[in-house]
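Values quoted throughout were computed directly from the atomic coordinates according to the rules given, and no laboratory measurement underlies them. In this text, all values refer to a predicted model and were calculated from it rather than measured experimentally. Here Cβ is always computed from backbone atoms with ideal geometry, including for glycine, and neighbour counts include all displayed protein chains.
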Amino acid sequence: MDKPIEKKSMPLWKLGIIGVVVLTVAGVLYQLLADASIRTYRVPANQLIVSTVQQGAFEDLIPIRGTIQPLESVFLDAVIGGSVEEVFVEQGDFVVAGQPLVQLSNSQTRLSAAQADAGTTEQLNFLNNITTNFEYQKLATERQIIDTEFRITTLNRQKRRFERLVDDSLISEEEYEAIIDELEYQQQVLGNLKARQQVENEERTRRQEQIKDQIDMLTNNLEISQASFESLLVKAPISGQLTSLDVEIGQSKQTGQRLGQIDVVDQYKIVAQIDEFYVSRVAPDQTATFSLAGQEFQARVDIVYPEITAGTFEVDMIFEGLPPANIRRGQTLQMELTLGNPVESLLLPVGGFIQDTGGNWVFVLDESGSSALRRDIRVGRRNNRFVEVREGLRAGERVITSGYSQMQDMERVELLP
């Protein structure tokens, strides 16, 4: 009779080994499947730039390019149009204020000036004649008053003599009364003359004020007419170098047309174009630094022009201290403009990733340095060397800071040996 064979159960330690193997294989498979689902970009490590996040003082600087320009420039324009008759200087000459530069010719302006001069002179003569007539009238009235007063004095003497004679019956009453009547008449005439003299004085004063105003106006008109004629001779308004002169003998120039430019060449300023992004942060008295011929120099923002053209606005800067030697008009300078005081911050070196991500995310290396995962961050201010990190990174972490153009859609980067 057969005996049933009993199956021996597997020892627990074998079951444990099998379980570990199964879990290990499952973990490896899961990791392989998980890795396969992550979009990965593989690139040699030597083709990337890796930078370390660091704690330090953030200097709020922006790079700008400035151009040397004269501190003062004056443009020469044709006040009155005309043809170029004579040129007294050449471009590049040094001129002094008031020096003749160009003679223009305009027959119409010459004729108008002559007519205005003749007409104004005629009116001035007419007004002067009126003033002279007023003086003659004043003298005539004064003469009449003098004659009347003299006649009254004579009549008073006759009256006193006749008073004695009429008492002695040496003259008739009629002759005495005639003297009395003549004296009263002359006194009334004198009163009338003095009243007329007062009216004439008031009228003369009023008219003389009007005439004075008219003469002043005519004189100004005459000066303007003469000035318009004299403006055909273009003179240097300031002393300096005639850096441009666009005239040729016989050439016709319109009124207001640009003829040239005079620069004060012993004083300079720096004109810079700055991106409109910084228009609210640039202000007068901010400083900029630059290097030239191995030396450091400073300039100060003097004027900020708010008008934005082609995405930039303009500022004028003046040198702080002694300017560089042998600088030239039109020379360009690479400068750093300080927008604020240094602030302790978390800093990440600037790289090509800024243009690709806008500073919204980066690839952060793991501890082994063989791979990097995408991570969202938040940045603040930036200068030409660093960007300020507000969130998402810690000091000491390493970040790929080169361009991300080939891996913008990736979630991980593997660095190949």
The number of Lys pairs in the chain whose alpha carbons lie under 27 Å apart, excluding pairs fewer than 8 residues apart on one chain, is 6
Roughly how many whole Å is it from the C-alpha centroid of the stretch 125-166 to that of the stretch 318-389?
100 Å
How far is helix 12-37 tilted, in degrees, relative to the longest principal axis of the Cα atoms in the chain, given as a value from 0 to 90 rounded to the nearest 10?
30 degrees
HN-Hα couplings for the stretch 334-340 via Karplus (6.51, -1.76, 1.60; θ = phi - 60°), in whole Hz with x for Gly/Pro, come out as 8, 10, 10, 9, 8, 9, x
For the pair Gln267 and Ser107, how long in nm is the line joining their label points, each one 7 Å along Cα→Cβ?
4.6 nm
DSSP loop trypsin sites (Lys or Arg not before Pro) in the stretch 352-411 with at most 15 other Cβ atoms within 10 Å of their Cβ, which ones?
Arg385, Arg394
Calculate for the chain the 222 nm mean residue ellipticity that helices alone would give, adding -39,500 (n - 2.57) per DSSP H run of length 4 or more and normalising by residue count, nearest 500 deg cm²/dmol.
-13000 deg cm²/dmol
Distant-in-sequence amide H partners of Leu233 (H built 1.01 Å from N, under 5 Å):
Leu104
With no solvent and one point on each alpha carbon, what is the Debye value of log10 I(q)/I(0) for the stretch 108-226 at q = 0.22 Å⁻¹?
-1.10
Would you mind counting up the charge near Arg65? Only other residues with Cβ under 13 Å from its Cβ, with Lys and Arg at +1 and Asp and Glu at -1.
-3
Towards the positive end of the charge dipole of the stretch 108-226, with charges on Cβ (+1 Lys, Arg; -1 Asp, Glu), say which of Asn129, Gly191, Ser169 has the farthest Cα.
Asn129
I'd like the Karplus ³J(HN,Hα) series for the stretch 248-262: coefficients 6.51, -1.76, 1.60, θ = phi - 60°, whole numbers in Hz, and an x wherever there's a Gly or Pro.
9, 4, x, 6, 9, 10, 7, 4, x, 6, 5, 9, x, 8, 10
On a 0 to 90 degree scale, rounded to 10, what angle separates helix 173-230 from the longest Cα axis of the chain?
30 degrees
Please list the non-local residues whose amide H lies under 5 Å from the amide H of Ser83, H modeled 1.01 Å from N, same-chain partners needing a gap of 5 or more.
Ser105, Lys253
How much length would be gained if the chain were fully extended between Ile171 and Val199, taking 0.36 nm per residue of separation minus their Cα-Cα distance, in nm to one decimal?
5.9 nm
Charge context of Gly351, other residues only, Cβ under 12 angstrom, K/R +1, D/E -1
+1
Tell me the label only: which of (i) 62; (ii) 37; (iii) 14 is percent of Cα pairs over 41 Å apart as calculated from this structure?
(i)
For the chain, give the magnitude of the charge dipole about the Cα centre (Cβ charges: +1 Lys/Arg, -1 Asp/Glu; no others), in debye to the nearest 20.
3240 debye
